[in-house]
1. Based on DSSP H assignment, which helices of the chain show an axial Cα extent of at least 20 Å together with a mean Kyte-Doolittle hydropathy greater than or equal to 0.0?
2. Calculated from DSSP H runs of 4 or more alone, at -39500 (n - 2.57) each and per residue, what is the 222 nm mean residue ellipticity of the chain, nearest 500?
3. So how long is each side of region 249-333 along the principal axes, counting just the alpha-carbon atoms, biggest first, in Å?
4. Work out Dmax and Rg for region 24-97 from the C-alpha atoms and quote the Rg first, both in angstrom.
5. With 26 Å as the cut-off, how large is the P(r) tail for region 414-558, expressed as percent of Cα-Cα pairs?
6. Evaluate the charge dipole of region 326-438 about its Cα centre and quote only its size in Debye, nearest 20, assuming +1 on the Cβ of each Lys and Arg and -1 on the Cβ of each Asp and Glu.
7. Quick check: convex hull of the Cα atoms in region 308-383, volume per residue, rounded to a whole Å³?
8. Under Stokes-Einstein, with the Kirkwood radius over Cα pairs standing in for Rh, what whole-number D in µm²/s applies to region 358-401 at 20 °C and 1.002 mPa s?
Amino acid sequence: MSYSVAVRALCEFSAKVGDLDLRFTPSPTAQEGIEGHRRVVARRAAGYEAEIALEGEYASLKVRGRADGYDPVCNRLEEIKTYRGDLARQPHNHRQLHWAQAKVYAWLMCQARQLPAIDVALVYLDVDSDAQTLISEPCQADELQAFFESQCQRFLVWAQHQQQRLAERDRDLQVLGFPHAQFRQGQRQLAETLYKAVSTGRCLMAQASTGIGKTLGTLFPLLKAMVPQQLDKVFFLTAKTPGRALALDALRQITDATAQPALRTLELIARDKACEHPDKACHGESCPLAQGFYDRLPAAREAAARVPVLDRTHLREVALAHQVCPYYLGQEMARWVDVLVADYNYYFDAHALLFSLSQANQWRVAVLVDEAHNLVDRGRGMYTASLDQGQLQALRQSKPQGLTSALDRLNRQWNALYKTQHAPYQASEQLPTAFVGALQQCIGLIQERLNQSPAEVDPQVLQFFYQALQFSRVAELFDEHFLFDISLREGPRKRRLATLCLRNVTPARLLAPRMQAARSVTLFSATLSPRHFYSDLLGMPADTAWLEVAAPFRAEQLEVRIASQVSTRYRERQASLAPIVELIAAQYQRMPGNYLAFFSSFEYLQQVAGLLAQRHAEIAQWVQAPGMDETARQAFLDRFVANGQGVGFAVLGGAFGEGVDLPGTRLIGAFVATLGLPQVNPINEQFKQRLGRQFGAGFDYAYLYPGVRKVIQAAGRVIRGDQDRGVLVLIDERFAEARVQQMFPSWWQTAGN
Ligand code: SF4
């Protein structure tokens with residue numbers, strides 16, 4: 001059996017040596033790269049061949065790829081690279097990698113066309129100045145063949161191990177049994193529907209409540225589909241860390257059932273969480289784990305490849321044992337494992353590692369999106385950028401060398417944007433092109449400074465640079481799905497300052513290609529209703545399947561009461577305090593135990609908690625505070641002991657509104673004193689208008705659906721298993737409205753108060 005590898009992947013494996021060097025040289029964007037290639041090709045004479053598909057073999061290795069260009073008149077094979085900055089500062093090992101790619105293509109070309117010799121050229125295009133640098137070397141076919149074979153030889157041993165492991169993995173997966181004696185109620189239906197979706201190449205949206213074992217119910221069918229559907233990778237993507245831990249647990253259960261599991265799983269974590277030297281920079285002169293990284297990588301890679309579930313702890317252990325950076329070892333291992341457990345942004349953001357690796361290696365992937373209701377806000381956030389004028393002013397005052405006039409020009413453009421603005425907030429549908437032009441000029445100048453003397457660039461300049469770059473990248477994507485808005489505030493000496501934001505409203509256009517690129521994407525959550533809201537905003541393909549798994553709970557497990565005599569609207573808030581306190585106290589006296597009480601804001605929560613303490617000091621209470629760290633959050637949850645008594649006060653949509661598991665008597669009831677609607681403010685009003693124009697239901701899309709979803713999520717904390725019993729008190733007159741009740745889980749039976 002042969003092992004197929006792309007030229008690029010082969011060279012990245014075998015030709016990288018020396019230090020990891022990520023000294024900041026912002027590379028051209030993918031789009032700039034594609035256009036740069038086009039420009040180079042367009043300048044070549046007639047008869048020039050571009051994108052030539054080539055392949056060759058060495059032992060059981062099949063090497064394939066597309067050479068950038070071949071000039072038959074000069075007999076020259078060209079490898080085109082786009083760049084920014086000073087080519088002379090390009091690290092030696094980057095250049096070496098480019099030569100390796102060019103030479104491998106050159107050999108494949110000699111072999112395909114029976115050429116005894118060929119010129120091999122690297123063509124570097126500066127995307128800013130459009131200048132081209134061509135470095136060429138005449139080569140004999142036999143030299144190139146020897147080079148090709150040496151690269152293949154280095155890869156072959158690893159490839160053979162991979163191949164053997166994949167064969168064992170496939171054997172394991174074919175006989176893989178479900179790790180429990182039986183499926184839970186609803187779990188089999190979810191697993192079967194997902195299996196069918198991936199088998200027919202469709203996406204799936206699955207709404208399924210807690211308690212049916214969604215993590216195992218989605219991972220298991222994908223693993224079973226891996227062999228018949230020839231999937232290269234499964235991505236399990238989560239919005240938050242606890243979701244990753246559940247997925248890793250499920251994968252451990254699956255691999256533990258096998259004596260010597262061949263399946264490989266990797267957890268990817270953010271750079272700031274994985275970094276061992278946060279005070280250093282990612283290059284060999286600064287960080288010891290970057291120095292000689294590629295020289296020690298082969299041994300580290302081999303050790304890492306032996307670990308079935310390479311979670312954060314195991315990855316760190318292997319990395320430190322081999323003195324390489326754990327974060328970048330993780331990025332390398334992403335190529336060699338079967339299941340990746342990572343945050344959403346690894347697949348969905350503009351520079352997503354897993355998406356670009358999938359594209360570059362033509363992987364066939366299946367994607368699971370856990371708690372997928374979060375993808376709307378997370379997706380918007382990935383394509384939103386803002387800039388604060390206060391930061392620019394501070395930078396101007398520091399008078400950075402060579403930048404002052406460009407920053408002054410930028411400031412003038414900035415001021416011109418709000419010269420006639422009187423309201424504190426103003427939104428527009430137009431991109432401020434003159435401003436973006438001035439910003440790009442600043443980016444270019446800082447870039448030049450970075451190229452010349454990176455160590456001398458002030459951290460303040462660098463921070464501004466990153467933000468400016470992000471802003472200009474979002475500006476490139478700006479269209480009718482974005483807003484440009486200006487928020488004014490008063491700065492020092494009563495001067496007005498403006499924050500500019502390019503705000504994504506509907507991420508569908510940007511996410512849709514990610515959905516289409518996979519063999520299948522499954523979105524799953526307890527709250528994916530209404531279906532059209534999520535499919536419209538997330539860009540799901542038209543043939544996406546839908547599944548609603550019946551909850552495994554019975555109506556009698558949860559007493560749902562609607563206290564419609566109370567209004568929690570802002571203007572009636574004061575009047576609502578005493579009735580809410582009495583509702584809580586009455587319920588508590590009727591059935592003492594642990595309760596969660598949710599409110600729309602910290603202020604509201606504190607008012608009710610204060611009054612409850614005054615009037616019913618006998619009821620123990622603990623209160624969520626703004627910005628709690630992980631320890632404080634855990635301490636809050638630890639108060640919910642089995643058979644305990646008291647009320648925990650929390651903010652709806654905050655840290656305790658979802659993803660919190662308090663089974664049995666740890667939690668016997670919840671009060672929700674808000675409909676959860678996002679605050680009415682100018683930004684949300686803009687969203688309402690825009691979404692109304694796009695989907696004809698602005699209020700529902702901007703306020704109602706996201707609001708009620710939070711209520712259902714919070715309420716979902718009460719019943720966690722089929723033995724749980726509890727009460728839910730929904731406090732607001734609007735909970736009695738039919739359009740709100742339509743969104744409630746179908747197993748709830750509501751009663752008035
Ligand atoms: S340990 Fe930190 S500084 Fe060093 S290479 Fe890794 S991420 Fe960069």
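Values in this text are rule-based calculations from the coordinates and carry no lab data. All values derive from a computational prediction rather than experimental measurement. A quick note on method: Cβ atoms are made from the backbone with ideal geometry, for glycine too, and the neighbour counts reach across all protein chains shown.
1. The answer, listed by residue number, is 433-452, 459-477, 573-590.
2. Working: 26 runs with 327 residues, N = 753.
Calculated at 222 nm, the ellipticity per residue is -13500 deg cm²/dmol.
3. Computed over region 249-333, the largest-to-smallest principal extents equal 45, 24, 16 Å.
4. 14.9, 41
5. On the way: 5402 of 10440 pairs.
More than 26 Å apart: 52 percent of the Cα pairs in region 414-558.
6. On the way: 9 positive and 10 negative charges, 134 e Å.
Dipole of region 326-438, to the nearest 20 debye: 640 debye.
7. Working: hull volume 8.6 nm³, N = 76.
Roughly 113 Å³ of hull volume per residue.
8. My calculation gives 145 µm²/s for D.
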